[in-house]
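Participant: The structure's right below; bear with me while I get my questions together.
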Amino acid sequence: MYKKLVIQTIIYFIGSIFPKIINYAFLKFFTKSLRREEFSLYTDMYALSFIVIGFISFGLENTYFRFISKKNYNKEVVFSTGFIVQFLITSFFLIFSVNSIKYLVSIAGYNNHPEYFLMFFLIIFFDTICILPMAWLRANEMALKYTTINVINILLQSSMIIYMFSFYTTFELVNSFTDKTGYIFFANMISSLSNFLLITPIIFKKVTIKKFNKILAKEMLNYGIPIMLGTMAFSINENLDKILIKRWLSDEINGAYSACYKIAAFMSLYIRAFRLGIEPFFFKKSEDADAKYFYEKITYFFIIFGLIFYVLICGNLSILIEFLIDKKYHIAISIIPIVMMGNLFLGIYTNLSIFYKIIDKPIIGTYISLVGVLITILFNIVFIMIPHSSFMIPAWGTLASYGSMVLVLYFWGKKNFLKFCKKTWNIVLHLLFALFLVVYMVNHENRIEISIFLQFLYVIIVLLFEKNNLKNK
């Protein structure tokens, strides 16, 4: 079992990390090719779309994994029912959005670029339709196929972007209705369509109206709505700062902030790969007697290796930022260690959240996510109200939001479900040690040789400290 799990996780990691590496490679390309205000438009459109996707996805991916893990449900009926529900919701969104495009463009302040919204309506439609078929591949342990589809789509998207930016004068079709920033959205739209075409065999083979169950659909929606609210809360936590900085400060500042935020999101590479490989395993183990032991052990090591990742990235930040983004964006470099630690807390929360999902109480996640959203909103209100305020306030808000969510879930779990508190002090010591090193390295970024020595020392100390745990299967 362990060998298969490791192989699956590696394959998912490749499928997850390769598109992200491509995106980070394009980060330097975009920051060189686009002005900061143009880069701000690019990130703002994605920020708005993520909030929409969080809503119309209705938490059906997690719902699907939960329901197929229950023995009294037919897996094919669960998939057909979930997909048909998702298709109806997404189709309604597309029809409503296209008919309301004038109002939506005006509200968002994009009167000069309605084509951005039209392209994003299609991106959101195709991406959301693909959620459950891609989840089906994960549930059926088709890691190689899942990875292949992701790689094909990112290669298609990246090659189109390179072509359009290099030969923009010859690409008359796209130039006739959009600008440079729109090239990125157009390529994404074609990639999303490609993803849909690649998963259509699964839809035609596995989805039939005969396998649609109305009672099951209602149960899945009831289970998924709290997850959807939690997902929307996450989207607000991640994107509200960028949406407000664009509108309260300037596009130039938002462009720099958004570029540095993307570097801070390096942590998401580690979190995403871990989640893709482990989450289906979590649900499969949910009814086993030793499930709690596995959840706690895996979460503990997620934290330990996440802190190692954090120290290594922050310790080499001065090198990474030169490599990844153009110098005109460096004014916001100070947010990176703060937001990155916030992302690690998010990863810890995501792992701990499995505990309330497997006891069918996703509403707990909704309440906790609302706590995080309230803290995010509070920090952003302070940011708006203070004259000439700094973009550091929303960055600290990200850390405070995700940190508070972890604490609330931890204390709830300690009282109701977890025995995870056995190693709490170990985690606190690891965290404090990592933070101390990062603060020192960031304040002495010119001393590269000291930074490398401290990183090496940190890894050795952690591995020695956890030697017995690592040996214990």
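Participant: Which of A47, A135, S16 sits closest to the plus end of the dipole of the chain, meaning its Cα is farthest towards the positive end, when Lys and Arg get +1 and Asp and Glu get -1 on the C-beta?
Facilitator: A135
Participant: Using a 1.4 Å probe and ignoring any ligands, DNA or RNA, find the accessible area of I68 and quote it in Å² to the nearest 10.
Facilitator: Number for this one is 30 Å².
Participant: Still on this model: On a full-extension model of 0.36 nm per residue, what is the gain between E322 and I162, subtracting their alpha-carbon distance, rounded to one decimal in nm?
Facilitator: Here the answer is 55.5 nm.
Participant: Which order do S353, S390 take by accessible area at a 1.4 Å probe, largest first?
Facilitator: Largest accessible area first, the list is S390, S353.
Participant: For the pair I95 and K210, what calculated FRET efficiency results from E = 1/(1 + (r/R0)^6), where r is the Cβ-Cβ distance and R0 = 30 Å, to the nearest 0.05?
Facilitator: Computed FRET efficiency for K210 and I95: 0.70.
Participant: Another question, if that's okay. Could you state how much accessible area W248 has, in square angstrom rounded to the nearest 10, with a 1.4 Å probe and all protein chains kept in place?
Facilitator: 140
Participant: Give the separation of the Cα centroids, region 71-139 to region 156-219, in Å.
Facilitator: The distance from the Cα centre of region 71-139 to that of region 156-219 comes to 12 Å.
Participant: Please work out the Cα center distance from region 345-400 to region 311-336, rounded to the nearest Å.
Facilitator: Computed from Cα coordinates, the inter-centre distance equals 24 Å.
Participant: Which of the listed residues, G365, G109, V77, is farthest toward the dipole's positive end in the chain, when Lys, Arg count +1 and Asp, Glu count -1 at the beta-carbon?
Facilitator: The residue sitting farthest along the positive end of the dipole is V77.
Participant: Measuring from label point to label point, each 7 Å out along Cα→Cβ, what is the I17 to F456 span in nm?
Facilitator: 2.2
Participant: In addition: Ratio of alpha-carbon Rg to the 2.2 N^0.38 Å globular estimate for the chain, to two decimals, please.
Facilitator: So the Cα radius of gyration is 0.98 times the expected 2.2 N^0.38 Å.
Participant: In debye to the nearest 20, how big a dipole does region 122-237 give about its Cα centre with +1 on each Lys and Arg Cβ and -1 on each Asp and Glu Cβ?
Facilitator: Here the size comes out at about 620 debye.
Participant: Could you calculate the FRET efficiency of I363 with K71 from 1/(1 + (r/R0)^6), where r is the beta carbon distance between them and R0 is 22 Å, rounded to 0.05?
Facilitator: Once rounded, the FRET efficiency stands at 0.40.
Participant: Among the listed pairs K145/K180; K20/K205; K32/K145; K70/K205; K71/K210; K180/K262, give every one whose C-alpha distance is greater than 26 Å.
Facilitator: Pairs exceeding 26 Å: K145/K180; K20/K205; K32/K145.
Participant: Once you charge only the Cβ atoms, +1 for Lys and Arg and -1 for Asp and Glu, what is the size of the charge dipole of region 50-194 about its Cα centre, to the nearest 20 debye?
Facilitator: So the magnitude is around 500 debye.
Participant: In the full protein assembly as shown, how much of K75 is accessible to a 1.4 Å probe, in Å² to the nearest 10?
Facilitator: For K75, solvent-accessible area is about 130 Å².
Participant: Sorted by accessible area with a 1.4 angstrom probe, largest first, how do L144, L34 fall?
Facilitator: Correct descending sequence by accessible area is L144, L34.
The values are calculated or read from the model by the stated rules, or taken from the named source; none is laboratory data. Model, not experiment: these values are computed from the prediction. Note that we place each Cβ from the backbone using ideal geometry, even for glycine, and neighbour counts take in every protein chain shown. Side chains included, ligands, DNA and RNA excluded: accessible areas come from the protein's heavy atoms. Shrake-Rupley method; radii C 1.70, N 1.55, O 1.52, S 1.80 Å.
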